Amino acid sequence: MSSTATEVVRLLTVSGATLAVAESLTGGLVAAEITSVPGASKAFRGSVTAYATELKHQLLGVDAALLAERGAIDAQVATHIATTGVAGPEPQDGQPVGTVFVAVDGPFGPDSDGAGGGKVAALRLNGGRAEIRRESVRSVLALLLERLVSEQTGNERAQDTEQNGGF
């Protein structure tokens, strides 16, 4: 269990928020990392692993035209799936091994750069299949933690403003 996963579960639990995961590339490893944290059941709702491209459309509602046009390894596809990419050993959908997109979405308020909602990160990872998948899990959890911390910081600022008469 990682300290990032532990902190994600802690922040979700404290705020009363919940998490569900849709994975592809990582094949359930994000859910496994989250559920390795004691008390995760207070915040973790479940996961779907949609490894096959057609299941991304059928189970997760990813636009079929988008999948046909761009393939499953794409930033827009990642807005529906926490992890998508190529772990190898062969390229996929015209993308080289190590091309990964990780994403988080939810009812987040604006973060420090003014962006709200979800966030996608494009990664170029090196190493073998196991390393690419492991780094993808680490990266998506770090991205989620960043959004949760940003959300908590924003809420604390709003509460301070209210308590100080709007200043």
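A single member of Leu25, Leu11 is part of a loop (DSSP other than H, G, I, E, B), hydrophobic (A, V, I, L, M, F, W, C) and either in contact (Cβ under 8 Å) with a residue 60 or more places away in the chain or touching a Ser or Thr at 6+ places or on another chain (Cβ under 7 Å) (or both), and it is Leu25.
Listed here are the residues, each with its yes/no results for (1) hydroxyl-bearing (Ser, Thr, Tyr); (2) in a strand (DSSP E or B); (3) more than 27 Å from Val149 (Cβ to Cβ).
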{"site": "Ala32", "(1), (2), (3)": "no, no, no"}
{"site": "Val48", "(1), (2), (3)": "no, yes, no"}
{"site": "Gln58", "(1), (2), (3)": "no, no, yes"}
{"site": "Ala68", "(1), (2), (3)": "no, no, yes"}
{"site": "Phe108", "(1), (2), (3)": "no, no, no"}
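Taking (1) among the β-branched types (Val, Ile, Thr); (2) without any contact (Cβ under 8 Å) to a residue 24 or more places away in the chain; (3) assigned to a helix (DSSP H, G or I) in turn, Val62 satisfies each apart from (3). The combined condition, being within 25 Å of Thr99 (Cα to Cα) and touching a residue at least 40 places away in the same chain (Cβ under 8 Å), is not fulfilled by Val48. Can you find, within the range 60-84, the residue that is farthest from Gly46 (Cα to Cα) among those that are in contact with a helix residue (DSSP H, G or I) (Cβ under 9 Å, 6 or more places away or on another chain) and among the hydroxyl-bearing types (Ser, Thr, Tyr)? By that ranking, first place goes to Thr84.
Report yes if Thr84 is out of contact with any Leu (no Cβ under 8 Å at 6 or more places or on another chain) and of a type in the set (Val, Ile, Thr), otherwise no.
Values: out of contact with any Leu (no Cβ under 8 Å at 6 or more places or on another chain): no; of a type in the set (Val, Ile, Thr): yes.
The answer is no for Thr84.
Of everything in the range 87-104, what is within 15 Å of Leu67 (Cα to Cα) and outside any strand (DSSP E or B)? Give them in sequence order. Can you show your working first?
Going through the range 87-104, the residues within 15 Å of Leu67 (Cα to Cα) turn out to be 92-95, 101.
Answer for the range 87-104, where residues must be within 15 Å of Leu67 (Cα to Cα) and outside any strand (DSSP E or B): Asp93, Gly94.
Restricting attention to the range 12-57, the residues that are buried (at least 18 other Cβ atoms within 10 Å of the Cβ) and among the hydrophobic types (A, V, I, L, M, F, W, C) total 14.
Within the span defined as the range 119-126, every residue fails to be loosely packed, with under 13 Cβ neighbours inside 10 Å and at pLDDT below 95.
The values are calculated or read from the model by the stated rules, or taken from the named source; none is laboratory data. No experiment lies behind these values; they were computed from the predicted model shown. Cβ sites come from the backbone with ideal geometry, for glycine too, and all protein chains shown count toward neighbours.
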